[in-house]
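A short write-up of the structure that comes next.
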Amino acid sequence: MECRAPGCSSDQLVDSHIVPAGFARWIKEQGSEPVLTITQDRTSAKKQNGMFVRDILCGLHDGQLGRELDEKVLDLSKRFTARSVDLGDYWRVDDIDPMIIVRWIVSTFWRASVSERPEWEGVDLGEFEDRAGEVAFGADITVLPELSMEVGRFRNQLHGTSFEADKIVTMPWTIRHNGHVGYMMNVGGFRILMKFDALSHPHPANVFDVVRQNRLSGRWHLIEKTFDFETMTKFVDASYRRDEAKGIKR
C-alpha cells in the first residue's frame, strides 16, 4: 500500500488516528471518565484513545496533519471556555484562522473515507474524496465549491444531569435523509456536520462565508434535544455499569 496523501508514493505507512488521540488523553488527564469512542455503526463503544489505521499515511504526512491541524484544534478545545464569547443561542471565537478548522474537519472525514478499516465502511466521500484530500493537505478551498459545514457546540450538564458531551468521542459516521448525505462526528464538545450539497440540512454554512472572517462561530446545541443523545447516553450508562461491576466507583 502507498500513502494516500496527494502526490505521495511512500509505502512506509504508520499508525494514524482518525480523531487525534490527544482528545482522549486530555479528558483522561482531567480525571473525567468514561472516555468513549462510539463506532461508525453506532452499535458499540470502546474505552481507548481513539481508533487508528495503518493503511493511509506515511510518517511525513501523518505528522503534517498532526502539526498543522490536529494539535491546533485540540488546543482550541482545551481553551474554548476562555476564548469563546457566549451570544445566547450562538457562540463565537475571535482571532482564529477558521481555515484550520475547515481543513481539520475535511481531513478527519477524508481519513475515515480512505481507510479500509471496517468501522468506517459507511463513510465514503465518493467523487469528493480526492479533492477533500487536497484540501486536507493545504489546497485552496475553491477546489471544493460544494462543501458546507456546521461547527456547533454542546451545552453540558443541563437539567440536573451529569452527562457531559465533551467526554464523548464519536467516530465519523454518515447520515442519510431524503436521498441526501451528510457526515457527522462529536469530539471535544463540538458537534460537527459536513456535507457536499446545498439541500441535505438547513443549518450548515457555505464554507466560503466562514473563511472570509477571522473568527469562528456556531450554534449551541442542548444535548438532550439532539438525535444522538439516546445513543450516547446508552453507552455512557453501560460503561458506568461495567465499572460498578468491577468495583470501580465514579
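The values are calculated or read from the model by the stated rules, or taken from the named source; none is laboratory data. Note that this is a predicted model, so its numbers are computed, not measured. Quick reminder, even Gly has a Cβ in these numbers, built from the backbone with ideal geometry, and neighbours come from all protein chains shown. Areas reflect the complete protein model, heavy atoms only, side chains present, ligands, DNA and RNA absent. Shrake-Rupley method; radii C 1.70, N 1.55, O 1.52, S 1.80 Å.
Worth pointing out:
- Protection-proxy order for peptides 104-117, 134-147, each taking the mean of Cβ atoms within 10 Å per residue, highest first: 104-117, 134-147
- Segment A139-D197, length gained on full extension (0.36 nm per residue, minus Cα span): 18.9 nm
- Multiplying the residue separation of L222 and N178 by 0.36 nm and subtracting their alpha-carbon distance yields 13.4 nm.
- Whole-number D in µm² s⁻¹ for the range 49-110, Kirkwood Cα-pair radius fed into Stokes-Einstein, 10 °C, 1.306 mPa s: 119
- Surface accessible to a 1.4 Å probe, K78 within the full protein complex, Å²: 100
- Inter-label distance for E116 and I96, nm, one decimal - labels placed 7 Å from Cα along Cα-to-Cβ: 3.7
- Taking all protein chains as they are arranged and a probe of 1.4 Å, the heavy atoms of H61 leave approximately 30 Å² accessible to solvent.
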